[in-house]
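Colleague: This is the structure I have questions about; it appears just below.
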Amino acid sequence: MAGAGVLLWDLRRLCRVLLFLSQFYILSGGESTDIPPYMMKCPSNGLCSRLPADCIECKTNFSCVYGKPVTFDCTVKPSVTCVDQDFKSRKSFVLNMTCRFCWQLPETDYECSSSTSCMAVSCPRQRYTANCTVRDHVHCLGNRTFPKMLYCNWTGGYKWSTALALSITLGGFGADRFYLGQWREGLGKLFSFGGLGIWTLLDVLLIGVGYVGPADGSLYI
């Protein structure tokens with residue numbers, strides 16, 4: 001009986017050691033259950049031709065004719081499942097698309113970063129370098145993220161109608177310039193009584209045609 005008790009105690013110790021080693025192996029990354037990042041964009045059992053570009057790998061050919069229809073052989077990435085038109089599971093399929101690089105896509109097919117540090121109201125109109133990313137379900141050749149020069153096109157919330165109304169009614173007191181954030185010009189108009197009316201009339205004209213805008217360089221809304 002004593003020998004059986006010792007043997008049972010040794011087996012318990014061995015089980016504890018094995019359990020500890022298995023947990024240590026999993027925590028150390030030996031058995032990884034991480035989901036690939038691209039899986040968040042990949043619908044399960046959707047049509048293969050509708051999968052986002054991050055879910056597939058295609059054998060592209062850059063020698064195709066721009067603007068012409070072209071077909072490429074594609075395969076889904078690991079852990080991605082999709083079906084064809086007959087709802088049969090596929091790992092490889094043919095993708096139909098138009099031959100063009102990503103930077104040649106129309107503006108509706110990609111999103112670009114905006115900038116509030118450039119002057120939208122200036123002559124000549126300023127541009128800035130934006131980082132653009134193609135939308136998930138749009139397929140194209142080359143890098144899906146690319147730089148592009150865009151015109152400054154942002155607003156600080158100033159209304160053209162409000163600025164014009166202030167210029168007509170209270171322009172002699174510099175209210176229009178104060179509203180646009182041009183406080184130095186506003187003080188000048190205030191203490192000169194609108195430049196004896198001449199400055200007031202000029203501002204009505206300049207604001208009316210959009211030549212005078214917000215001090216932060218943004219566009220009217």
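Colleague: Hey, any hits in region 133-156 for a residue that's open to solvent by 60 Å² or more (accessible area, probe 1.4 Å), under 30 Å from Met97 (Cβ atoms) and of a type in the set (Val, Ile, Thr)?
Modeller: yes
Colleague: Can you tell me how many residues within region 53-74 are free of Cβ contacts under 8 Å to residues at least 40 places away in the same chain and open to solvent by 60 Å² or more (accessible area, probe 1.4 Å)?
Modeller: 10
Colleague: So Thr33 passes all but one of these: (1) at pLDDT 60 or above; (2) in a loop (DSSP other than H, G, I, E, B). Which condition number does it fail?
Modeller: (1)
Colleague: How many residues does region 82-129 hold that are farther than 30 Å from Ala215 by Cα and either open to solvent by 50 Å² or more (accessible area, probe 1.4 Å) or outside any loop (DSSP other than H, G, I, E, B) (or both)?
Modeller: So the count comes out to 25.
Colleague: Please enumerate the residues belonging to region 177-198 that are without any contact (Cβ under 8 Å) to a residue 24 or more places away in the chain, farther than 23 Å from Met119 by Cα and not polar (S, T, N, Q).
Modeller: Leu187, Gly188, Lys189, Leu190, Phe191, Phe193, Gly194, Gly195, Leu196, Ile198
Colleague: Next question. Please tell me if Val65 is of a type in the set (A, V, I, L, M), more than 24 Å from the chain's Cα centre (by Cα) and part of a loop (DSSP other than H, G, I, E, B).
Modeller: Yes, satisfied.
The values are calculated or read from the model by the stated rules, or taken from the named source; none is laboratory data. Values in this document were obtained by computation on a predicted structure and should not be read as measured data. Cβ: placed from backbone, ideal geometry, glycine included. Neighbour counts: every protein chain shown. Each accessible area value is taken on the protein alone, full model and side chains, heavy atoms only, with ligands, DNA and RNA left out. Shrake-Rupley method; radii C 1.70, N 1.55, O 1.52, S 1.80 Å.
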